[in-house]
1. Val229 is checked against (1) touching a Ser or Thr at 6+ places or on another chain (Cβ under 9 Å); (2) within 16 Å of ligand 2 (Cβ to nearest atom); (3) under 30 Å from Asn89 (Cβ atoms) and fails just one. What number does that condition carry?
2. Restricting to the range 231-249, name every residue that is within 24 Å of Arg199 (Cα to Cα) and buried (at least 17 other Cβ atoms within 10 Å of the Cβ).
3. Across the range 232-279, what is the number of residues that are within 16 Å of ligand 1 (Cβ to nearest atom) and part of a helix (DSSP H, G or I)?
4. So in the range 86-103, with the set limited to residues that are within 16 Å of ligand 2 (Cβ to nearest atom) and loosely packed, with under 15 Cβ neighbours inside 10 Å, which one is modelled with the lowest pLDDT?
5. Looking only at the range 110-119, filter to residues that are surrounded by fewer than 17 Cβ atoms within 10 Å (Cβ to Cβ) and in a strand (DSSP E or B); which one of those is farthest from ligand 2 (Cβ to nearest atom)?
6. Among the residues of the range 246-256, are any under 19 Å from Leu163 (Cβ atoms), more than 16 Å from ligand 2 (Cβ to nearest atom), at pLDDT 95 or above and not hydrophobic (A, V, I, L, M, F, W, C)?
7. List the residue pairs whose Cβ atoms are under 7 Å apart, where the first residue sits in the range 205-225 and is more than 19 Å from Lys103 (Cβ to Cβ) and at pLDDT 95 or above, the second is open to solvent by 10 Å² or more (accessible area, probe 1.4 Å) and acidic (Asp, Glu), and the two are 6 or more positions apart or on different chains.
Amino acid sequence: MVVAAEHIRTLNKYEKTILLALERGMKRYAWVPLEQIRTATKLSESEVNYRLSRLIAWGMVRFNPVPYDGYALVFGGYDTLALATLSRNGTITALGPLIGEGKESVVYEALGLGPVAIKFHRIGGRSFASARLNREYMEEGHCPWLIASRKSAEREFLALTKLHPHVSVPLPIGQNRHTVVMALIHGTILNRCRLECPREVLDEILDGVRRVYRAGVIHADLSEYNILVEDGRCVFIDWPQWVETTHPNAAVIVARDIDNILSFFVRKYQLTYDSRDAIQCVTG
Ligand code: ADP
Ligand code: MN
């Protein structure tokens, strides 16, 4: 869940200063010492304590008293920082409703120059969070969820930038920290569509996969869940795990993408398509 949305407007400048100090501090500490926050923000002890208690209540920061009083940024706080930057630079002016929740992200509708989608990457929330509580697993200052989520967003944005407009992907609009802002697609996930002409749609998808491949890219997580159908047009989404066609396993990865799609069309529409022909059509 994104807790940032309801608090972003009420965030006071001291609270923002503390979040930024924590973000920097987490390059060195798993739990940033209170003293470090005070030094970095130059705020009084009572001010820091008061602001931290609010940030904790809002789910933006966590506290750990052992063996010293330490504080850590959590996704809610990172969301808030990203939204603050995106709204300051005009990419987003308002946050709308939740429109998608996947394995490793939450996606919201938002307002920019027009309607947009903002995807908050959530890599390793649970597993890393528990690892973080258990100090034995943590090198000091190593913050895997924050780094992995940011890298994931940067990687997705790079794919969209490479592929748009040669391939039908959402127009990339902006990127900050662990977020990607892109065009909002008013579509339905392929899995939930009832296609009138499945044959044509399958051909369009294979043609899309071929264009992606020509651009030197393989999606690597392609399935009926990562294609949106908007006015009969297929839009490929969810790109953070893409690989280059020069990847040592490229042949296996592209074949798996194609097989996912073909087996969906067999299952749902009894439409058969020779797998080798499809691979040939994409990579040939
Ligand atoms: P995940 O890795 O979590 O599966 P996705 O990129 O597939 O992330 O996004 C999750 C869901 O959010 C999608 O299934 C879709 O419903 C919605 N979504 C993602 N991007 C957009 C977009 N640009 N426009 C509209 N809906 C989107
Ligand atoms: Mn997905």
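1. Condition (3) is where Val229 drops out.
2. Residues of the range 231-249 that are within 24 Å of Arg199 (Cα to Cα), as a first pass: 231-238.
The answer is Cys234, Val235, Phe236, Ile237, Asp238.
3. The total comes to 4.
4. Step one: filter the range 86-103 for residues within 16 Å of ligand 2 (Cβ to nearest atom), giving 98-103.
Pick out the ones that are also loosely packed, with under 15 Cβ neighbours inside 10 Å and you get 98, 101-103.
Working: Leu98: 94, Glu101: 92, Gly102: 86, Lys103: 83.
Residue satisfying both the conditions and the ranking: Lys103.
5. Filtering the range 110-119 down to residues surrounded by fewer than 17 Cβ atoms within 10 Å (Cβ to Cβ) leaves 111, 113-115.
Right, trim to in a strand (DSSP E or B) and you get 111, 115.
Details: Leu111: 23, Pro115: 20 Å.
Per the stated criteria, the residue is Leu111.
6. Within the range 246-256, the first condition is being under 19 Å from Leu163 (Cβ atoms), and the residues that meet it are 246-247, 250, 253-254.
Keeping just the survivors that are more than 16 Å from ligand 2 (Cβ to nearest atom) gives 246-247, 250, 253-254.
Adding the requirement that they be at pLDDT 95 or above leaves 246-247, 250, 253-254.
Checking which are not hydrophobic (A, V, I, L, M, F, W, C) leaves us with 246-247.
Within the range 246-256, one or more residues are under 19 Å from Leu163 (Cβ atoms), more than 16 Å from ligand 2 (Cβ to nearest atom), at pLDDT 95 or above and not hydrophobic (A, V, I, L, M, F, W, C).
7. Gly216/Glu244; Val217/Glu244
The values are calculated or read from the model by the stated rules, or taken from the named source; none is laboratory data. All figures in this text were calculated on a predicted structure; none of them were measured in a lab. No Cβ is skipped: glycine too gets one built from the backbone with ideal geometry, and neighbour counts run over all protein chains shown. Calculation scope for accessible area: heavy atoms of the full protein, side chains included, ligands and nucleic acids excluded. Shrake-Rupley method; radii C 1.70, N 1.55, O 1.52, S 1.80 Å.
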